Amino acid sequence: MAPTVVALILGWWLVAASRAQQVPRPSLSLHPSQGVSLGDTVTLRCHLPQPAAWVELYQDGLLRSYKCMDEHQVMAEFSLVCVKLEDARKYWCQYRVLEPPRVSEKSVPIELVVVQDKALAVTTEAAKHEMP
């Protein structure tokens, strides 16, 4: 076989193998999603499509928190206690599995919008579609 053909076949096999290794994306939700007053507690829930070893919550690209999971859990909760204006950030989650060791894609980000008397959740993706 010509070296070019061998390289193409090997390249295709590596791409196919890496796609098979991808871990499905989690989803992130905010509870309550609207009508949260300053000082209240907001819970971010990372919903997993499969059990994970641990789940990470990111705030504007920085790891804010993580939770170790037991083998049957498919949701991790992270609480923001006493919501402040400084909590107005973008949040997303991702998870890690051990066998084989892999990291999921990031969830679609949620933006927490905090105002003087209310906190509202806007899923970034939804906000893009609503803009004129």
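The values are calculated or read from the model by the stated rules, or taken from the named source; none is laboratory data. Remember, predicted model here, so these are calculated numbers, not experimental data. Cβ atoms come from the backbone with ideal geometry, glycine included; neighbour counts cover every protein chain shown. All accessible areas refer to the heavy atoms of the entire protein, side chains included, with ligands and DNA or RNA removed. Shrake-Rupley method; radii C 1.70, N 1.55, O 1.52, S 1.80 Å.
For the stretch 37-52, how many residues meet the condition of being closer than 15 Å to P24 by Cβ and either surrounded by fewer than 14 Cβ atoms within 10 Å (Cβ to Cβ) or within 12 Å of the chain's Cα centre (by Cα) (or both)?
Counting residues in the stretch 37-52 that are closer than 15 Å to P24 by Cβ and either surrounded by fewer than 14 Cβ atoms within 10 Å (Cβ to Cβ) or within 12 Å of the chain's Cα centre (by Cα) (or both) gives 6.
Can you tell me which residue within the stretch 71-89, out of those that are at pLDDT 95 or above and not aliphatic (A, V, I, L, M), is farthest from the chain's Cα centre (by Cα)?
Among them, the one singled out is S79.
Only one residue in V122, V55 is open to solvent by less than 90 Å² (accessible area, probe 1.4 Å) and modelled with pLDDT under 95, so which one is that?
That would be V122, the only listed residue that is open to solvent by less than 90 Å² (accessible area, probe 1.4 Å) and modelled with pLDDT under 95.
Of everything in the stretch 66-95 that's of a type in the set (D, E, K, R) and open to solvent by 70 Å² or more (accessible area, probe 1.4 Å), which residue is nearest to P51 (Cα to Cα)?
Only one residue fits best here, namely E71.
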